[in-house]
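The values are calculated or read from the model by the stated rules, or taken from the named source; none is laboratory data. All values derive from a computational prediction rather than experimental measurement. Counting neighbours? That spans all protein chains shown, and the Cβs are built from the backbone with ideal geometry, glycine included. Calculation scope for accessible area: heavy atoms of the full protein, side chains included, ligands and nucleic acids excluded. Shrake-Rupley method; radii C 1.70, N 1.55, O 1.52, S 1.80 Å.
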Amino acid sequence: MQTIDTARRARLKPSFATRRVAHDDLRLLDTAATDLAAGDVLLARVEKPGHHKNIERPDGRKALLLPGDEILIAAGARYAPDQFEALAPTAVGPAHLVAAGGIGGVVVAAHSATRAPTEITVLGAACRESGERIRLADYAVAAEPLAGAPEVPVIAVCGTAMNAGKTTTVASLVRGMTLAGKRVAAIKVTGTGAGGDLWSFHDAGAHMVRDFTDAGFATTYRAPVGRVLEGARRLIAEAVAAGAEVIVLEIADGLHQQETAALMRREDLRAMLTGVLFAASDAMGAEAGADWLHRAGQRVLALSGRMTASPLAVREAEVATALPVLTTEDLISPEIARLLAPENAGLPLPAAA
């Protein structure tokens, strides 16, 4: 074990993913750890900046990464078809910064257009003075998981894939509901620890913003789906206790991603939802996704996403699915609150497949 003294703690560049960690708890560094797991808090040294040249600080500022910098990050896997697939590191030594939000992993696959990952060395697992390892789960929200369906509307937003327009859909919906006078909670249920989406929800006017890192996860890739859902229930319970009148959930990646698919097929998630907005890049994806969700028993309220930039794509999707397609302008209108109200949605809940 090495001592982490006050001066060293002050020099560290902390990351967004570790924003809930109390820095005074960082006292020792296990430099011989061979059993690292996702969610462990790590100290790492930057060796060679690559794809991620900055690290997102807890306050959202992008801090430049320089060789020799020591950073405070969390071990985690990553699933990002447009960037990397990575696994959580299992021991100290060479690794990669796989997300600017502060996720350390080992890249196993990369998109051909993505630059080489930033190279780091995991120096050790952060520990308390007692020698106990520090994990993100130690700082998770304390709310008890919601036992049943909340008494407020809960709308989930999912999509065809990364960059289908899910976050824009959530932020626009939050804006419209807020302009209608609703207290809206925006919660990102799955994904990779980073602040960009959450800041956009804040800017849209959300009364409360949370994500899976607040439930103790660095990322949700390769995490047990039951635990992911339990974390979501904790965050929903916190939102209800904080007075939310509408809750909007973002579910990351696409319907073929393993955790997303498993979540959207779960009856206990379906029972909590008023319905689903589905984001797609084109009409064919919208039709396939809506059909997938119907077969999973989900109530699809409407379509949105990147395809709404094209009037022709909107027309194709409306004809193919017989579902309304909501543009950004539609979503940010206060009228959206009436359109998506459970009693006015007017769409029958399909039977589970």
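Observations on the structure shown:
- Residues located in segment 10-42, provided they are out of contact with any strand residue (DSSP E or B) (no Cβ under 9 Å at 6 or more places or on another chain) and outside any loop (DSSP other than H, G, I, E, B): Ala10, Asp24
- Some residue of segment 162-171 being open to solvent by 50 Å² or more (accessible area, probe 1.4 Å) and under 22 Å from Thr274 (Cα atoms): yes
- Total residues in segment 192-218, condition open to solvent by 10 Å² or more (accessible area, probe 1.4 Å) and closer than 19 Å to Phe84 by Cα: 5
- Boolean, Ala38 is closer than 19 Å to Gly195 by Cα and crowded, with 19+ Cβ neighbours inside 10 Å: yes
- Test result for Glu287, open to solvent by 70 Å² or more (accessible area, probe 1.4 Å) and either small (Gly, Ala, Ser) or at pLDDT below 95 (or both): no
- Residue ID - nearest to Ala140 (Cα to Cα), chosen from residues in segment 24-35 that are touching a residue at least 40 places away in the same chain (Cβ under 8 Å) and open to solvent by 10 Å² or more (accessible area, probe 1.4 Å): Asp25
- The condition (being of a type in the set (Gly, Ala, Ser) and either touching a Lys or Arg at 6+ places or on another chain (Cβ under 7 Å) or touching a residue at least 40 places away in the same chain (Cβ under 8 Å) (or both)) is satisfied by just one residue among Ala296, Ala302: Ala296.
- Boolean, Leu312 is over 25 Å from the mean Cα position of the chain (by Cα) and at pLDDT below 95: no
- Any hit, segment 52-63, residues being open to solvent by less than 30 Å² (accessible area, probe 1.4 Å), assigned to a loop (DSSP other than H, G, I, E, B) and out of contact with any Asp or Glu (no Cβ under 7 Å at 6 or more places or on another chain): yes
- Applying the set (1) in a loop (DSSP other than H, G, I, E, B); (2) at pLDDT 95 or above; (3) open to solvent by less than 70 Å² (accessible area, probe 1.4 Å); (4) not basic (Lys, Arg) to Leu72 leaves exactly one unmet item: (1).
- Selection over segment 216-260 of residues that are basic (Lys, Arg) and without any contact (Cβ under 8 Å) to a residue 40 or more places away in the chain gives a count of 1.
- Where strands (runs of 3 or more DSSP E) fall wholly inside segment 175-268, the ranges with 1 or more residues that are among the basic types (Lys, Arg) and under 17 Å from the mean Cα position of the chain (by Cα) are 184-188, 208-211.
- Number of the exception - Gly196 against (1) more than 16 Å from Phe16 (Cα to Cα); (2) out of contact with any Leu (no Cβ under 9 Å at 6 or more places or on another chain); (3) at pLDDT below 95; (4) not β-branched (Val, Ile, Thr): (1)
- Segment 59-70, residues that are touching a helix residue (DSSP H, G or I) at 6+ places or on another chain (Cβ under 9 Å) and under 18 Å from Ala10 (Cβ atoms): Asp59, Asp69, Glu70
- Tally of residues being of a type outside the set (A, V, I, L, M), touching a residue at least 40 places away in the same chain (Cβ under 8 Å) and open to solvent by 40 Å² or more (accessible area, probe 1.4 Å) across segment 75-93: 4
- Number of positions in segment 293-333 that are outside any loop (DSSP other than H, G, I, E, B) and either touching an Asp or Glu at 6+ places or on another chain (Cβ under 9 Å) or among the aliphatic types (A, V, I, L, M) (or both): 20
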